[in-house]
Amino acid sequence: MNKRVVFTGGSGKAGRHVVPYLTDRGYQVFNLDLAPLEQPGVNTLTADLADSGQVFNALSMHFDFGGLESGKGPPAVDAVVHFAAVPRILLRPDNTTFQVNTQSTYNVIEAAVKLGIRKIIIASSETTYGVCFAEGDKDYHSFPLEEDYDTDPMDSYGLSKVVNEKTARAFAMRSGADIYALRIGNVIEPHEYELFPAFLADPPSRKRNAWSYIDARDLGQIVDLCLQKDGLGFQVFNAVNDTITAREPTAEFLHRWAPGTPVTRPLEGFEAPLSNRKIREVLGFKEEHDWRKYVPE
Ligand SMILES: NC(=O)c1ccc[n+]([C@@H]2O[C@H](COP(=O)([O-])OP(=O)(O)OC[C@H]3O[C@@H](n4cnc5c(N)ncnc54)[C@H](O)[C@@H]3O)[C@@H](O)[C@H]2O)c1
């Protein structure tokens, strides 16, 4: 039978692309969100994930009316993909951003583990690398940014994502479930490639994103690969595309635009400063949406 996946935050910017990527590949998806999602075949349950009771309930329900036909109650859920969040600072008061993101992630992971769901994927963020929402012009410790970096955000949102990674690790240790945290780069939807000429013309403007990005459809591929790859326990994966958002090779570019930041290994060609080597090597990620396809020279 096709895998049954509960997806949280499917109505948002990233979810709107990742959910259809998954349903196109045969997954049955049930969306938990506060906002609606107009996608035929995907039912959205309005649920506030900051409320643990609602989360336990939502993870043990029928996905839609079709579920009633067997007469045997809701079948097991194979995986949970947790994307719902307050997605940056300055949308809600800082304490609310921290509270909603940490509490809802705790609730989703706890309920999934206690209900016997063995695969959980959560949205972490590039902001854990500490520069994105920093006060002032902060430097990265070193390049490339890889998953063993000493994450050190100073903002409430980035901090909530660091805490969420720790929550994931604690539950993976406790239960033996696979819990993968995706440090998602700046999400780019197809229509947003029109922003790239301005990015290229003003390199300092993209320092906070480490001159890296993730195409929303390629993010779908990464989630699919995580759903397929079992047995890795707790993992952190950078979720970004292959190359730097610049026309210059990475080593030369960083020498010019981040001159004080040490480089810890040779940088190959145009590789992204926020490295995706781990998803390529461990999950077999092959990007389909290089920004150069969509941005005229
Ligand atoms: N957009 C980016 O560039 C980016 C970068 C790195 C990480 N992320 C992370 O990826 C995930 C998706 O981001 P996005 O850009 O699609 O965000 P979004 O705000 O567009 O979507 C998030 C969704 O979560 C829902 N939600 C929020 N609080 C909820 C709650 N308490 N209960 C139920 N649903 C709730 C919202 O209604 C929304 O539909 C988030 O976890 C975000 O932190 C995003």
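Quick note: the coordinates plus some simple rules give every number you see, no bench work behind them. Note that this is a predicted model, so its numbers are computed, not measured. Every residue, glycine among them, receives a Cβ derived from its backbone with ideal geometry; neighbour counts consider all protein chains shown.
Numbers for the structure displayed
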{"quantity": "Pair list, Cβ < 7 Å and 6+ apart or interchain, from the stretch 129-150 residues that are without any contact (Cβ under 8 Å) to a residue 24 or more places away in the chain to residues that are in a loop (DSSP other than H, G, I, E, B) and of a type in the set (Gly, Ala, Ser)", "calculated": "Lys138/Gly130"}
{"quantity": "Any hit, the stretch 189-206, residues being within 25 Å of Thr23 (Cβ to Cβ) and of a type in the set (A, V, I, L, M, F, W, C)", "calculated": "no"}
{"quantity": "Options Ser125, Ser160; residue that is surrounded by 16 or more Cβ atoms within 10 Å (Cβ to Cβ), within 11 Å of the ligand (Cβ to nearest atom) and closer than 27 Å to Ala251 by Cα", "calculated": "Ser125"}
{"quantity": "Residue count for the stretch 161-206, restricted to those that are in contact (Cβ under 8 Å) with a residue 60 or more places away in the chain, among the aromatic types (Phe, Trp, Tyr) and over 17 Å from Glu147 (Cα atoms)", "calculated": "3"}
{"quantity": "Some residue of the stretch 152-165 being more than 19 Å from the chain's Cα centre (by Cα) and over 23 Å from Ile109 (Cα atoms)", "calculated": "yes"}
{"quantity": "Candidate set from the stretch 174-199 (those that are assigned to a strand (DSSP E or B) and within 12 Å of the ligand (Cβ to nearest atom)); member that is surrounded by the most Cβ atoms within 10 Å (Cβ to Cβ)", "calculated": "Ala181"}
{"quantity": "Odd one out for Leu283, checked against (1) surrounded by fewer than 18 Cβ atoms within 10 Å (Cβ to Cβ); (2) out of contact with any Asp or Glu (no Cβ under 9 Å at 6 or more places or on another chain); (3) over 18 Å from Cys132 (Cα atoms); (4) not hydroxyl-bearing (Ser, Thr, Tyr)", "calculated": "(1)"}
{"quantity": "Test: residue in the stretch 132-143 that is closer than 30 Å to Gln228 by Cβ and part of a loop (DSSP other than H, G, I, E, B)", "calculated": "yes"}
{"quantity": "Test: residue in the stretch 187-208 that is touching a strand residue (DSSP E or B) at 6+ places or on another chain (Cβ under 7 Å) and closer than 24 Å to Lys13 by Cα", "calculated": "yes"}
{"quantity": "Subset tally (residues that are closer than 22 Å to Lys13 by Cα and among the acidic types (Asp, Glu)) for the stretch 41-91", "calculated": "1"}
{"quantity": "Residues satisfying the stated conditions in the stretch 266-297, i.e. free of Cβ contacts under 8 Å to residues at least 60 places away in the same chain and outside any loop (DSSP other than H, G, I, E, B)", "calculated": "Ile279, Arg280, Glu281, Val282, Arg292, Lys293"}
{"quantity": "3 or more residues within 13 Å of the ligand (Cβ to nearest atom) and more than 15 Å from Leu219 (Cβ to Cβ): qualifying strands (runs of 3 or more DSSP E) within the stretch 3-66", "calculated": "28-33, 43-46"}
{"quantity": "Residue match in the stretch 256-265 (condition: touching a residue at least 24 places away in the same chain (Cβ under 8 Å), surrounded by 13 or more Cβ atoms within 10 Å (Cβ to Cβ) and part of a helix (DSSP H, G or I))", "calculated": "yes"}
{"quantity": "Conditions (1) outside any strand (DSSP E or B); (2) within 16 Å of the chain's Cα centre (by Cα): number failed by Leu232", "calculated": "(2)"}
